[in-house]
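Take a look at the structure below.
The values are calculated or read from the model by the stated rules, or taken from the named source; none is laboratory data. Here the structure is a predicted model, which means the values were calculated and not measured. Here the Cβ is made from the backbone with ideal geometry for all residues, glycine too, and neighbour counts use every protein chain on show. Protein only, heavy atoms only, side chains kept; ligands, DNA and RNA dropped before computing areas. Shrake-Rupley method; radii C 1.70, N 1.55, O 1.52, S 1.80 Å.
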Amino acid sequence: MKLYYSPLACSLADHIALREAGVQFALERVDLKTKQLTSGGDFSLVTTKGYVPALVLGDGQVLTENIAVLDWIAAEYPDLGVATPLGRTRVLEALTYISTEVHRAFKPMWHAGAETEKAKARQTIARQLQYFADGLTTDYLFGETPSVADFYLFVMLLWAVRFEVRVPEVLGQLRDRLAARPAVVASMRYEGLI
Ligand SMILES: N[C@@H](CCC(=O)N[C@@H](CS)C(=O)NCC(=O)O)C(=O)O
């Protein structure tokens, strides 16, 4: 299995999830501007979508789209999912909100939006993060152990720090809790983030 990633990109969620699962996997870094791989190959030959994450499975199939990749990881490694009747649906609900609303709201930050656009985005993201903060009653989103949704939210919280978005206190604590986990430390160290 091989994960195509870029440092601090949303693929960090998958990187953490695979390490948390304790599975053997390879990593290949992608230059998102040139679509070149660190090994010298062409990422466009892996996926014409040209973005990370892309996860190549043992049989050679390529999985893309973070919601799908993280859902697949949680299905393969159930400790990273939620084992209640509505568990998988609730995790998908959280992943979808993070991907289609929170992640998308960061676009002006990553793509040099105008200052007014960035200020508006900061307000939107702060409101979206508050939604998670309001529902948080346990150490992680769905209980006392993290799910794949926590790892994606963690990346959003790192982006929030980077782009000076206000983070509710309980989510700052969630971020710190995750940041102390060995799999998270190893992933961040590997990506050169710490
Ligand atoms: N729809 C994709 C979007 C993934 C995405 O936005 N990836 C970013 C990094 S966080 C990327 O690779 N951007 C480079 C590009 O779009 O050219 C998903 O949800 O996985």
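Kindly report the accessible area of segment 82-181 per residue (heavy atoms of protein chains, probe 1.4 Å, no ligands, DNA or RNA), in Å².
Here the residues of segment 82-181 average 53 Å² of exposed surface.
Which of the GluC sites (Glu not before Pro) across segment 143-194 are loop residues per DSSP, with 11 or fewer other Cβ within 10 Å?
Hits after loop and neighbour filter: 144, 164.
Based on the alpha-carbon set only, what is the convex hull volume of the chain divided per residue, in Å³?
115 Å³
Once the dipole of the chain is set up with Lys and Arg at +1 and Asp and Glu at -1 on Cβ about the Cα centre, which of 32, 100, 180 lies farthest towards its positive end?
32
Can you list the trypsin sites (Lys or Arg not before Pro) in segment 43-99 that are in a DSSP coil and have 11 or fewer other beta carbons within 10 angstrom?
Filter output for segment 43-99: empty list.
Take every Cα-Cα distance within segment 82-181, group them into 10 Å bins from 0 onward, and report for each bin the whole-number percent of pairs it holds.
Percent of pairs per bin, in order: 15, 50, 28, 7, 0.
So which DSSP H runs in the chain come out at 20 Å plus along the axis (Cα) with average Kyte-Doolittle of at least 0.0?
Those that pass (Cα extent of 20 Å or more, hydropathy at least 0.0) are 148-162.
Can you work out D for segment 103-162 in µm² s⁻¹ from Stokes-Einstein, where Rh is the Kirkwood radius over C-alpha pairs, the temperature is 25 °C and the viscosity is 0.890 mPa s?
197 µm²/s
Based on DSSP H runs of at least 4 residues, each adding -39500 (n - 2.57), what is the mean residue ellipticity at 222 nm of the chain after dividing by all its residues, to the nearest 500 deg cm²/dmol?
Dividing the helical sum by the residues of the chain leaves -14500 deg cm²/dmol.
For the chain, how many pairs of lysine residues have a Cα-Cα distance under 25 Å, where the two are 8 or more positions apart or belong to different chains?
11
Starting from the Cα-Cα distance between residue 57 and residue 186, subtract it from 0.36 nm times their residue separation and give me the gain in nm to one decimal.
Length gained, residue 57 through residue 186: 44.3 nm.
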